[in-house]
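Colleague: Here's a structure for you.
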Amino acid sequence: MSHGPEWLVALERSALAVWMRQALWAYPVAEVVHLVGVALLVGCAAAFDLRLLGLSGHLSVQHLAVHLLPWAWRGFGLAAVTGTLMFAAHASDWWQNPVFPVKMGLVALGGVNVWVFRRGAYRSVARWDRGAPPPAARVAGAVSLAVWLATVACGRLLAYL
Ligand code: HEM
């Protein structure tokens, strides 16, 4: 079973990984919570991204950010914790899976996109709060939508490869 770099074998043989494999409900519960996290992250991010793409221009971007983005982060937190638990349980198999690095790359790209948006277009939000977002904000919204939908697709494809 255990093959791959030393840290990976150690992770897969850890007490937590053994428990994730042997406890009847641990893995199924982790998968359900993973999906709840994904739904929160992708649902809240998509609602905000559609505003960045120019829809519902009467809605304040700042108010939407305050309402939606904390829940998107909470969803990401749930997905990251449960994803790591599921990864640990079968680390050497996921390590061999060609879709897994693509999925992790997309998650990193999603994070970089948020960072660039926060330090770029969002700094001038007061000027376009209830109007048409500037091109940089629209690009951030489009990249975010594409990245999270592609991550969902990769997550589902993991089981098939
Ligand atoms: C951040 C770290 C993450 C890790 C380490 C991770 C890891 C995993 C693993 C190991 C699985 C396979 C579960 C299985 O089929 O047995 C999985 C499934 C999945 N992941 Fe993630 N994931 C992470 C984040 C995300 C994010 C951010 C999304 C979506 C935006 C996502 C979407 C999915 C989906 C849709 C599935 C399929 C669930 C199913 O078929 O029941 N994951 N993830």
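Colleague: Of (1) more than 12 Å from the ligand (Cβ to nearest atom); (2) surrounded by fewer than 17 Cβ atoms within 10 Å (Cβ to Cβ), Phe48 satisfies all except one. Which?
Modeller: With (1) more than 12 Å from the ligand (Cβ to nearest atom); (2) surrounded by fewer than 17 Cβ atoms within 10 Å (Cβ to Cβ) applied to Phe48, the lone miss is (2).
Colleague: Of all residues in segment 21-38, which are near the ligand (Cβ under 9 Å from one of its atoms) and in contact with a helix residue (DSSP H, G or I) (Cβ under 8 Å, 6 or more places away or on another chain)? It would help to see each step written out before you state the result.
Modeller: Applying the first criterion (near the ligand (Cβ under 9 Å from one of its atoms)) to segment 21-38 yields 27, 30-32, 34-35, 37-38.
Selection gives Tyr27, Ala30, Glu31, His34, Gly37, Val38.
Colleague: May I pose another question? Kindly list the number of the only condition in (1) β-branched (Val, Ile, Thr); (2) surrounded by fewer than 15 Cβ atoms within 10 Å (Cβ to Cβ); (3) within 15 Å of Val152 (Cα to Cα) that fails for Val42.
Modeller: In the conditions (1) β-branched (Val, Ile, Thr); (2) surrounded by fewer than 15 Cβ atoms within 10 Å (Cβ to Cβ); (3) within 15 Å of Val152 (Cα to Cα), Val42 misses (2) alone.
Colleague: Examine segment 125-135 for a residue that is more than 8 Å from the ligand (Cβ to nearest atom), within 26 Å of Val33 (Cβ to Cβ) and either crowded, with 18+ Cβ neighbours inside 10 Å or not aromatic (Phe, Trp, Tyr) (or both), and state whether such a residue exists.
Modeller: Checked segment 125-135: no residue is more than 8 Å from the ligand (Cβ to nearest atom), within 26 Å of Val33 (Cβ to Cβ) and either crowded, with 18+ Cβ neighbours inside 10 Å or not aromatic (Phe, Trp, Tyr) (or both).
Colleague: Could you list, in sequence order, all residues of segment 56-82 that are within 12 Å of the ligand (Cβ to nearest atom) and open to solvent by less than 100 Å² (accessible area, probe 1.4 Å)?
Modeller: Of segment 56-82, the ones within 12 Å of the ligand (Cβ to nearest atom) are 72-73, 75-82.
Scanning segment 56-82 gives Ala72, Gly75, Phe76, Gly77, Leu78, Ala79, Ala80, Val81, Thr82.
Colleague: Exactly one condition in (1) near the ligand (Cβ under 8 Å from one of its atoms); (2) in contact (Cβ under 8 Å) with a residue 12 or more places away in the chain; (3) open to solvent by 40 Å² or more (accessible area, probe 1.4 Å) is false for Leu85; which is it?
Modeller: Answer for Leu85: the failing condition is (1).
Colleague: OK, next. Scan (1) open to solvent by less than 30 Å² (accessible area, probe 1.4 Å); (2) modelled with pLDDT of 95 or more; (3) of a type in the set (Gly, Ala, Ser) for the single condition Ser92 breaks and write down its number.
Modeller: So Ser92 meets the others, but not (2).
Colleague: Sticking with this structure for a sec: What are the residues in segment 88-98 that are within 10 Å of the ligand (Cβ to nearest atom) and touching a Gly at 6+ places or on another chain (Cβ under 9 Å), if any?
Modeller: Going residue by residue through segment 88-98, those that are within 10 Å of the ligand (Cβ to nearest atom) are 88-91, 93-94, 97.
Within segment 88-98, just Ala91 meets the criteria.
The values are calculated or read from the model by the stated rules, or taken from the named source; none is laboratory data. Remember, it's a predicted structure, so these values are computed and weren't measured experimentally. Quick reminder, even Gly has a Cβ in these numbers, built from the backbone with ideal geometry, and neighbours come from all protein chains shown. Ligands, DNA and RNA are stripped out before the accessible areas are found, and what is left, the full protein with its side chains, is counted by its heavy atoms. Shrake-Rupley method; radii C 1.70, N 1.55, O 1.52, S 1.80 Å.
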